[in-house]
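Here is the structure we will look at.
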Amino acid sequence: MTAPIDRSTHPEPRGTRPRRIVHLGLGAFHRSHQAWYTARANDRDDWEITAYSGRRPDAADALQAQDGLYTLIERDDSGDHATIVGVITEAVDGADVEHLARAVSDQRTALVTLTITEAGYQASEEGAADLERLASAAEGRCEAPRSALGRLAVALDARRRSGSGPIALVSCDNLPDNGGVLREALRPLLEAIGGETVAWAETHIGFVSSSVDRITPRATDADQEAAAALTGFRDACVVVAEPFADWTMSGDFPAGRPDWESAGARIVDDVEPFERRKLWLLNGAHTLLAAAGPARGHAYVDEAFADPVVRSWVEEFWDECVRHLPEGLDLDRYRSDLASRFGNSAIRHSLEQIATDAETKLRVRIVPVLDAERAAGRNGSGAARALAAHLATLDGIDTASPDRITLRAALDRIAGTPVDDAVVDGCLDLLDDLVPLSAP
Ligand SMILES: NC(=O)c1ccc[n+]([C@@H]2O[C@H](COP(=O)([O-])OP(=O)(O)OC[C@H]3O[C@@H](n4cnc5c(N)ncnc54)[C@H](O)[C@@H]3O)[C@@H](O)[C@H]2O)c1
Ligand SMILES: O=P(O)(O)OC[C@@H](O)[C@@H](O)[C@H](O)[C@H](O)CO
């Protein structure tokens with residue numbers, strides 16, 4: 001017999017905490033990572049989270065119906081461990097920009113965290129339309145922005161007008177220098193609002209860069225059944241993650257922050273080496289697996305990684321990465337832990353999910369390794385294989401007789417700059433390796 005989960009059936013108190021975090025992009029990862037760290041911090045009773053969904057209201061509606069409560073299942077081959085997390089006290093449709101502006105301009109709010117995906121920071125049609133919307137709002141016409149950063153810009157301007165003081169913005173998306181990328185992506189939106197807003201932002205916003213790590217695949221119906229069996233509660237917002245978690249940050253928190261170190265997070269002077277280690281070794285390898293695994297007949301990370309041929313491709317890519325990562329990062333240990341994490345067959349991480357926005361990810365996780373290897377006089381075939389495998393998935397590229405011009409155009413687009421002939425040749429050679437597992 002299971003009961004629906006909410007704050008009348010579960011003893012988590014309602015929002016009475018004195019400090020606030022606003023989150024943009026209420027997905028699985030926020031719940032397995034930043035919310036979980038906050039819920040485990042020594043000063044957890046001082047902090048609550050108001051979380052906004054990104055592109056649709058569904059995630060917010062479902063979580064709000066449970067008063068923000070959800071089950072986190074930590075899973076590995078030894079079994080499941082369930083915790084009910086109550087630190088999110090309000091979940092709101094991200095389209096409710098007035099609500100967001102009220103929350104961000106509330107004096108109790110000290111920081112905004114973001115998991116809006118890598119694409120959320122890129123120039124887009126939606127972002128361009130928001131620039132026009134914000135500029136016309138300055139002339140007295142008013143239409144709410146639709147991009148996450150357009151909405152954030154409006155909310156920050158509301159904070160400026162309310163005189164609530166400085167605030168930190170903490171990007172938690174898998175991008176190099178994510179705090180710097182956020183600063184640059186926000187700038188034109190703040191400029192469209194007006195010069196006073198830009199000047200205020202320069203002195204009142206702390207941009208925090210962070211390296212975030214916890215493998216959190218999309219949950220399934222079977223995960224909901226597992227949660228009910230473990231806790232006795234019906235939960236439509238279950239999150240499943242691996243036991244491992246890491247959060248390393250650098251930057252200013254001018255209005256304070258939870259004692260996240262007490263929950264295992266690290267605050268460092270320079271997050272870049274940690275970020276590069278994680279983005280290349282973990283996310284780069286995921287990007288390689290997502291591109292090359294399906295060609296060998298695999299659908300999940302653990303399956304692809306158990307294929308000795310694919311594993312040798314990942315090891316070759318890792319060998320290339322470690323040659324260009326700083327010393328002192330315990331790379332052997334990181335790499336062997338990663339091999340265990342990828343081999344966790346209880347976590348079903350779909351290659352199709354990881355393959356979303358593949359070219360953006362190849363550009364920042366694979367191309368820099370290829371460039372570094374080529375600059376050192378090697379061919380970088382470990383990194384190039386991820387490019388070749390991606391090319392093989394594109395419409396218009398016939399792997400049996402690939403057209404060099406089409407291939408080059410795709411490589412130029414991915415790299416964001418014209419590539420050398422040798423890179424095109426290298427990818428052409430590697431296409432032959434993508435033989436399905438079942439092939440004789
Ligand atoms: N899942 C993980 O294992 C993991 C680990 C580390 C980092 N991350 C980072 O977190 C991000 C989100 O992962 P998730 O597992 O929560 O995904 P998810 O699909 O569960 O949630 C994604 C959230 O981002 C919003 N969104 C999607 N596209 C957007 C866009 N273009 N602009 C603004 N918002 C957008 C969605 O509406 C949703 O709220 C990843 O893209 C990655 O950068 C995820
Ligand atoms: O969409 P991406 O590539 O940024 O993320 C997909 C996975 O690589 C990612 O979610 C990892 O599981 C995560 O970064 C682990 O911390």
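Readers should treat all values here as calculations from the given coordinates under stated rules, not as data from a laboratory. These numbers were taken from a predicted model, which means no experiment stands behind them. So basically every Cβ, Gly included, is an ideal-geometry build from the backbone, and we count neighbours across all protein chains shown.
Stretched out fully, how many nm does the piece from Ala236 to Arg146 gain, at 0.36 nm a residue minus the Cα gap?
Numbers: separation 90, 0.36 × 90 = 32.40 nm, distance 2.65 nm.
Here the answer is 29.7 nm.
Taking 0.36 nm per residue of sequence separation and subtracting the Cα-Cα distance, how much length would be gained by fully extending the chain between Glu315 and Arg55, in nm to one decimal?
Working it through step by step, the gained length comes to 89.9 nm.
Using 0.36 nm per residue of separation minus the Cα-Cα distance, give me the extension gain between Ile405 and Thr417 in nm, one decimal.
That works out to 2.8 nm of additional length.
Once the Cα gyration tensor of the chain is found, what semi-axes does its equivalent ellipsoid get, as square roots of 5 times the eigenvalues, in whole Å, sorted largest first?
Working from the Cα gyration tensor, I get semi-axes of 37, 28, 20 Å.
Quick one: work out the % antiparallel among DSSP beta bridges in the chain, nearest 5.
So the antiparallel bridges amount to about 30 percent of the total.
Would you order Glu12, Glu90, Glu315 from fewest to most other beta-carbon atoms within 10 Å of each residue's own beta-carbon?
Listed from fewest to most nearby Cβ atoms, that is Glu315, Glu12, Glu90.
Separation of region 149-184 and region 218-272 by C-alpha centroid, Å?
Centre-to-centre distance over Cα atoms comes out at 21 Å.
Quick one: give the max-minus-min coordinate of the C-alpha atoms of region 274-431 along each principal axis, largest first, in Å.
41, 34, 25
Would you list Ser345, Ser211, Ser336 from fewest to most Cβ contacts within 10 Å?
In increasing order of surrounding Cβ atoms, one gets Ser336, Ser345, Ser211.
Modelling each spin label as a point 7 Å along the Cα-to-Cβ direction, I'd like the Val268/Phe244 distance in nm, to one decimal.
Label at Val268, label at Phe244, 1.6 nm between them.
So how far, in whole Å, is the C-alpha centre of region 1-80 from the one of region 334-379?
29
Arrange Lys361, Lys278 by Cβ neighbour counts within 10 Å, fewest through most, would you?
With the sparsest Cβ surroundings first, the list reads Lys278, Lys361.
Helix-only estimate, please: 222 nm mean residue ellipticity of the chain, summing -39500 (n - 2.57) across DSSP H runs of length 4 or more and dividing by its residues, to the nearest 500. Walk me through the intermediate numbers first.
Numbers: 20 runs with 196 residues, N = 440.
Helix contribution divided over all residues of the chain: -13000 deg cm²/dmol.
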